[in-house]
1. Any idea which of (1) modelled with pLDDT under 85; (2) out of contact with any Ser or Thr (no Cβ under 9 Å at 6 or more places or on another chain) is the one Glu60 doesn't satisfy?
2. Residues that are surrounded by fewer than 12 Cβ atoms within 10 Å (Cβ to Cβ): list the strands (runs of 3 or more DSSP E) wholly contained in segment 18-109 that include at least 1 such residues.
3. Considering segment 48-84 alone, what residues qualify as being hydroxyl-bearing (Ser, Thr, Tyr) and either touching a Lys or Arg at 6+ places or on another chain (Cβ under 7 Å) or farther than 14 Å from Lys22 by Cα (or both)?
Amino acid sequence: MSQFDYIKQHYAVPAEIGRLVKVNGRAGVIIKDCGHHLGVNFDDDKPGVVRHCHPTWEVEYGGIGCIRKTTKSQQRYKRYLEYGDGFKNFMEFCYWDASPEHEWNRGEA
């Protein structure tokens, strides 16, 4: 199954990445498939913050919008959550993370 197939089939809603939504009055955009839930980044949250929302509970679907980019520090923290267990402390991770051997430091990503 591809992204949102389950939600589209079982709830008959037009869920997809980039779709504008209003959930319980809060405006946002769908940025992630979270299985049985929508991953929504609300306009009043920081970029990259994902809130899980039920596809039919108080949701109004709109057109297609754009996904806000995460800041560099948010991207670093996401990498720390992914790779951080292999380091003694956060500073050791930061030295590793700043190394030019990684694609995120060469501008290729």
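The values are calculated or read from the model by the stated rules, or taken from the named source; none is laboratory data. Worth saying up front: this structure is predicted, and the values here are computed from it rather than measured. Positions of Cβ are generated from backbone atoms using ideal geometry, with glycine treated the same way; all protein chains shown enter the neighbour counts.
1. Here Glu60 clears every test but (1).
2. Details: elements: 19-23, 26-34, 37-42, 51-53, 59-64.
Correct list: 59-64.
3. Taking segment 48-84 first, the residues hydroxyl-bearing (Ser, Thr, Tyr) are 56, 61, 70-71, 73, 77, 80, 83.
Selection gives Tyr61, Thr70, Thr71, Ser73, Tyr77, Tyr80, Tyr83.
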